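Below is one structure, written out as structure tokens; comments come after it.
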Amino acid sequence: GRKCAILEAHYVAGGCAQGFRRKGYYFDAGAHLIGSSNQNSVLSRLLKSLDIEYKFVDVFPMDRIHFPDRTINIPQGWSTYRDQLCFNYPNDIKAIGDLFDQIEYIAKYAAKKQIAQKYADITFQEMLNKHLENIELKRVLGSQWGFLGEPPQKVSALAMSIMLISYIRDGARYPKGGAQRFCNVLANKFRSLGGKIFLSTPVIAVDVQNSKIVSLRAPNHRVFSADYFISTINPEYLCDLLNKDVQNEINQVWHRTILGTQKSISLYAIYLGLNLAPNKLFGLNGWHYPDWNIEHREAWTYVFSPTLYDESLAPIGKSTLEAA
């Protein structure tokens, strides 16, 4: 019932899920798999409520962890993954079950303030240590930390639990046509419902009156006023957009929290268009570790080939490979 607008700094919609094309090859710039996309999951229910039908491609296995002496396939399905771990680590069956129950509990009640606060202040490594003694098993369970940008001893139990549930239990699938196409479908639906999207429109200043944001300023003297604002940018950057007087008025605890945060790792991404048939890259997807030490921040290389799931993203008989 409200008039809505999106201000997007880039010239295409999508944020971290944007994609691009070069000489007939399509590449995902950020997001690859879309979590919670199984039937009856959060995203599927949302798309249904918006009357959007979108084709997602099943990804089996959901992920791979490549260590020097073996490759571990992470399946789709929470109980399937638990049973696989119980089979591979029979001495830890009860501990695995208790840990999986706790992860599911955290994800289920994450919206409750007391749950969110409790498990945001506990690292995933601390939670693993509470349940498990097997070092190898703990490293397997923490090996997908790159999706969140910090290793298990840094990332919160809350964030890791939600990610694992979203990807493994509720399904991580590849959007047919690439992530940018999925973003475009959402953007077009937003427009069809009366919303406006202003592309190539970065916010350069935020105007505040009586402790309330009243307008945003963009280049070329454009000003956008509204009753409510939702920010998806880095909170520290948002603070920088406020004038100094307003910054001093911000709740000191909140301001201190923002300034006290540590940035997660940066990625160097490589995008390759290859003169190889897509099936030649089968088995390469996933996290590649040079050893079993997963804890340091430069521990892995992540590899993904979208053409394994949608051959139309490259010229006939060719493929794409993305590595970070």
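The values are calculated or read from the model by the stated rules, or taken from the named source; none is laboratory data. Computed from a prediction, not measured in an experiment: that's the story for all the values here. Note that each Cβ is placed from the backbone with ideal geometry, even for glycine, and that neighbours are counted across all protein chains shown. Protein only, heavy atoms only, side chains kept; ligands, DNA and RNA dropped before computing areas. Shrake-Rupley method; radii C 1.70, N 1.55, O 1.52, S 1.80 Å.
Summary of computed values
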| read-out | value |
| --- | --- |
| Subset of the stretch 226-243 (residues that are open to solvent by 40 Å² or more (accessible area, probe 1.4 Å) and either more than 12 Å from LEU7 (Cα to Cα) or among the aliphatic types (A, V, I, L, M) (or both)) | ALA226, ASP227, TYR228, ILE230, ILE233, ASN234, PRO235, GLU236, TYR237, ASP240, ASN243 |
| Scope the stretch 168-196; condition over 26 Å from TYR25 (Cβ atoms) and either touching a helix residue (DSSP H, G or I) at 6+ places or on another chain (Cβ under 6 Å) or open to solvent by 20 Å² or more (accessible area, probe 1.4 Å) (or both); matching residues | ILE168, ARG169, ASP170, LYS189, PHE190, ARG191, SER192, LEU193, GLY194, LYS196 |
| Some residue of the stretch 90-111 being surrounded by fewer than 16 Cβ atoms within 10 Å (Cβ to Cβ), part of a loop (DSSP other than H, G, I, E, B) and either of a type outside the set (Gly, Ala, Ser) or free of Cβ contacts under 8 Å to residues at least 60 places away in the same chain (or both) | yes |
| Inter-residue pairs, beta-carbon under 7 Å, first without any contact (Cβ under 8 Å) to a residue 40 or more places away in the chain and part of a helix (DSSP H, G or I) and in the stretch 303-324, second among the basic types (Lys, Arg) and open to solvent by 10 Å² or more (accessible area, probe 1.4 Å), 6+ apart | none |
| TYR167 being farther than 12 Å from VAL12 by Cα, of a type in the set (Phe, Trp, Tyr) and assigned to a helix (DSSP H, G or I) | yes |
| Pairs with Cβ under 8 Å, 6+ apart, first in the stretch 226-245 and in contact (Cβ under 8 Å) with a residue 24 or more places away in the chain, second in a loop (DSSP other than H, G, I, E, B) and small (Gly, Ala, Ser) | LEU238/SER231 |
| All positions within the stretch 283-294 that are of a type outside the set (A, V, I, L, M), part of a loop (DSSP other than H, G, I, E, B) and open to solvent by less than 50 Å² (accessible area, probe 1.4 Å) | GLY283, ASN285, TYR289, TRP292 |
| Number of the exception - ALA205 against (1) out of contact with any Asp or Glu (no Cβ under 7 Å at 6 or more places or on another chain); (2) open to solvent by less than 50 Å² (accessible area, probe 1.4 Å); (3) over 28 Å from LYS263 (Cβ atoms); (4) not charged (D, E, K, R) | (3) |
| Residue satisfying all of: in the stretch 295-306; of a type outside the set (D, E, K, R) and at pLDDT below 95; least open to solvent (accessible area, probe 1.4 Å) among these | ALA299 |
| Failed condition for GLN76, given (1) polar (S, T, N, Q); (2) within 30 Å of PHE182 (Cβ to Cβ); (3) crowded, with 16+ Cβ neighbours inside 10 Å; (4) out of contact with any Phe, Trp or Tyr (no Cβ under 9 Å at 6 or more places or on another chain) | (4) |
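One line per residue, one yes/no per condition, for (1) modelled with pLDDT of 95 or more; (2) crowded, with 18+ Cβ neighbours inside 10 Å:
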{"site": "GLU249", "(1), (2)": "no, no"}
{"site": "TRP254", "(1), (2)": "no, no"}
{"site": "THR257", "(1), (2)": "no, no"}
{"site": "THR261", "(1), (2)": "no, no"}
{"site": "TYR271", "(1), (2)": "yes, no"}
{"site": "LEU281", "(1), (2)": "yes, yes"}
{"site": "LEU308", "(1), (2)": "yes, yes"}
{"site": "ALA323", "(1), (2)": "yes, no"}
